[in-house]
Amino acid sequence: MSYFAATTQPRVVAFFVFFIVTGSSLAALLFGGWLNASHSIQFLGITLNALFGLFAVGIVLYTPFAQQISTAQLFIFAIALRVLSLCLYPLLEDDYFRYLWDGFQTHISGSPYSKAPFDFFPGDGLSQRWQDILSGINNPDLKTIYGPVLQYLFLLSYWISPGDLAPLQVLLAIWDVLILAVLTQQKTRKSFLLAYAIHPMILQEAIASAHPDILLGGLLLFALLAWRSGRPFLTGTLLALACSSKISAIVAIPFLLIPASQNHLSLGQLSFMKRFRCTWQWSVKLVIAFIVALLALYAPLVSVGQSELESLFVFGQDWRFNPLLYRVLELVISQSGSADITRFFCATLLVSLALFLFSHQWMAKFNYDTPPILIILIALLLLSPVVNPWYWLWVLPIATFLERRLLVLVLPTATVSYWNTNTLQEIGWIEYSAPSFVVPWAITLFQVSIFALALVVEWQLTHYRSKH
C-alpha cells in the first residue's frame, strides 16, 4: 500500500496542478466568450485567460510534472480543450465577418477579389443573415487582403455551412491537432508538447476567434521540416502555400534556399565551389516548385478577379495598430520626416538583418540545420506598423519545435494589445478626455521589452549551438 501511494502521489499532484491552472485559463475564456457577452466581459475573459495561461505554460515548461502525463493523455487534453473552445464566440473581434463573406463571394462569383463589400451595400437581395455579416465587415471599402490558401479555406467552410463560423473553427482545430501530432512525431520534449496543447494563444486566437494565422505557422514549420530532410520540391511547395496564406512568409524564403547539409557535413566544411554548386542545385529545384505551386494556387482566383495585392498595398502604406519597435523609431524619425520614411527605414533594417543572417548561414556560422527563421520573424513583428496579437501564431509552432522555452512562455503577453485606448474607453475604464499617448506607450514598452529579450535569447541560442 505504501509503495502504491509513493508511486501514485506525484502523478495525482501533477494532474491536480495541471487541471487547476489549465482549467482556470479555460474558465476565463469561457467566461468572456459566450454569445452576446458585453465588451467588458470579453475583455476580462481575454485578460484572465492570458494571465492564467501564462502561469499554466510556465509551470509546464519549468517543472518536471509534464513527464507524468502520457502521450495519449496529452492528446485527450488537447482535443478536449479545443472542443470546448469551439463553443465560444470570437472575443473583441470582427475579422470573422470578412472570412465568412469571402467564402460566400468565392462560391457565387469564383473570386473574392472582384468587388469590395461596400459595393454590395445596402444588401438588397441578401438574406438577413448575410446582411448582418456584410454590415459587420470592417474597412468594407477595401477588397480582401487574404491570399488564395485562406480563400480556399473560407470556401470549404462555406460549403460545409454557409454563413456559419463553426466549420472554420473546426477546420482550424483539426489543423492545430495535426501540428501537435507532427511535433510529437519529431520527438519534441513532452513539456513543450503539453505547453502547446494548453497554450492560451491557440485556444483564444486560433480556435475561439478563428484567426487562420495558425495555418501559416504550421506551414512554416512543415517547410522547415521538409528543408531539414533534404526535400527541395516539397520545401518550395510548402513555402508557396505559406506565402499564399500571408505574404509575410516571404521573409523565411532566403534561409531555406541554402541546403541543410551535404553528406552530413555543414556547408562551412565544403570548399567554396562545392558549396556554391550544392546551393545552386538545391535552390533551382526549390524555386521551380515554389513558382509552379504559386501559379497553381493563384490561377483559379486571379483568372476570374484580381488578387489581394491591391489591398495589401493600402495595408502596408496606411494601416497602423500596436506598433512595437516601429513606434519608438517613428518617434525619432517623425521629427524630421513622414510615416513613409519610418516604414522605409524599418524595411531597410529588416532587409539588412536578413542579409546579415543569410551571410552567416552561408558561411555556416550558425547551426546548419537550424536556420534563423525565428529571429527574422520576431524582427519582422517588432519592426511592423501593424502587430495584431494573433500574428504571433506564426512563431509558436516553430518555437515549440525548436524548444525555445522563453519564447513559448512569453507569447501570451501579446494579448496586452487588447488593452488599447479604444477598448478601455469603450468599457469605461478610462475617460475619453484622458491623454491619448499614455496607454499606447505603456503597452509598447512592455511588449518591446518582453519580445526584444526573447529575440536576444534566441540569437544567443542560435550562436551558441553553432559552436557546439
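The values are calculated or read from the model by the stated rules, or taken from the named source; none is laboratory data. Nothing here was measured: the structure is a model prediction, and the numbers come from that model. Using ideal geometry, Cβ is built from the backbone for each residue, glycine included, and neighbour counts are taken over all protein chains shown. Quick note on the areas: whole protein, heavy atoms, side chains included, nothing else; ligands and nucleic acids left out. Shrake-Rupley method; radii C 1.70, N 1.55, O 1.52, S 1.80 Å.
Scanning segment 178-192 turns up one or more residues that are over 16 Å from the mean Cα position of the chain (by Cα), within 26 Å of Ser417 (Cα to Cα) and hydrophobic (A, V, I, L, M, F, W, C). Gly268 falls short on exactly one of the conditions (1) in a helix (DSSP H, G or I); (2) closer than 25 Å to Val351 by Cα; (3) modelled with pLDDT of 70 or more, and that condition is (3). Counting only residues that are closer than 19 Å to Leu402 by Cα and open to solvent by 70 Å² or more (accessible area, probe 1.4 Å), segment 61-78 holds 3 of them. Would a scan of segment 243-262 turn up a residue that is among the basic types (Lys, Arg) and assigned to a helix (DSSP H, G or I)? No - not one qualifying residue is present in segment 243-262. Contact map, segment 71-100: first residue free of Cβ contacts under 8 Å to residues at least 24 places away in the same chain, second residue assigned to a helix (DSSP H, G or I) and open to solvent by 20 Å² or more (accessible area, probe 1.4 Å), Cβ cut-off under 9 Å, separation 6 or more or different chains; pairs are Gln73/Phe15.
The residues listed here are Ala66, Ala78; of these, the one that is among the small types (Gly, Ala, Ser), in a helix (DSSP H, G or I) and at pLDDT below 90 is Ala66.
Taking the residues in segment 341-375 that are over 23 Å from Gly217 (Cα atoms) and assigned to a loop (DSSP other than H, G, I, E, B) as candidates, determine which candidate is modelled with the highest pLDDT. Only one residue tops the list, namely Met363.
When the residues of segment 119-141 are filtered to those that are in contact (Cβ under 8 Å) with a residue 24 or more places away in the chain and in a helix (DSSP H, G or I), the one that is most open to solvent (accessible area, probe 1.4 Å) is Arg129. Ser384 satisfies every condition listed in (1) modelled with pLDDT of 80 or more; (2) open to solvent by 30 Å² or more (accessible area, probe 1.4 Å) except (2). Applying the condition of being more than 19 Å from Gln68 (Cα to Cα) and assigned to a loop (DSSP other than H, G, I, E, B) to segment 178-220 and asking which residue is most open to solvent (accessible area, probe 1.4 Å) yields Gln186.
Yes/no per residue for (1) at pLDDT 85 or above; (2) under 20 Å from the mean Cα position of the chain (by Cα); (3) of a type in the set (A, V, I, L, M, F, W, C):
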residue: Gly23; (1), (2), (3): no, no, no
residue: Phe31; (1), (2), (3): no, no, yes
residue: Leu35; (1), (2), (3): no, no, yes
residue: Ser40; (1), (2), (3): yes, no, no
residue: Phe43; (1), (2), (3): yes, no, yes
residue: Thr47; (1), (2), (3): yes, yes, no
residue: Ala50; (1), (2), (3): yes, yes, yes
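One residue alone among Ala166, Ala223, Ala173 is open to solvent by 30 Å² or more (accessible area, probe 1.4 Å) and out of contact with any Phe, Trp or Tyr (no Cβ under 6 Å at 6 or more places or on another chain), and that residue is Ala166.
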